[in-house]
Amino acid sequence: MDQKQAVRQMIDFQKSSFDNSFNAMVMIQEQAEKMAETFLDQAKWLPDDGKSVLNQWISAYKKGRAEFKKSVDENFQKVDEYFSTSGKEKK
């Protein structure tokens with residue numbers, strides 16, 4: 001096995017590991033979000049402003065999570081392109 005193939009397999013493994021871990025984290029966060037929504041629905045003592053702040057916090061968290069995933073995917077793509085073109089340049 002040449003070095004290029006070994007590196008590609010390592011990168012594929014890392015991407016797969018990241019995707020699986022990220023998806024597990026998303027499931028846990030979505031469950032926590034459902035619990036928070038249930039709490040907000042049942043918390044009659046909490047003012048509407050407080051509920052609004054918590055909903056904004058959840059939205060910001062989702063946005064940050066999506067941006068992080070997008071950034072990681074873009075960088076995995078760049079690494080993939082780098083190793084795809086590095087072999088062509090040497091020939």
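No value in this document is a laboratory result; all are computed from the given coordinates. The model shown is predicted, which means the values in this text are computed figures rather than measured ones. Positions of Cβ are generated from backbone atoms using ideal geometry, with glycine treated the same way; all protein chains shown enter the neighbour counts.
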Taking segment 3-90, the lysine pairs whose C-alpha atoms sit under 20 Å apart (8 or more places apart or on different chains) add up to 18
So the angle from the long Cα axis of helix 48-90 to the longest Cα principal axis of the chain, reported in degrees to the nearest 10, equals 0
Projected onto the charge dipole of the chain (unit charges on the beta-carbon of Lys, Arg, Asp and Glu, signs +1, +1, -1, -1), the Cα from Ala43, Gln31, Ala6 with the largest positive-side position is that of Ala6
Summing -39500 (n - 2.57) over every DSSP H run of at least 4 in the chain, dividing by its residue total and rounding to the nearest 500, the 222 nm mean residue ellipticity is -34000 deg cm²/dmol
Dividing the alpha-carbon radius of gyration of the chain by 2.2 N^0.38 Å, where N counts its residues, gives 1.69
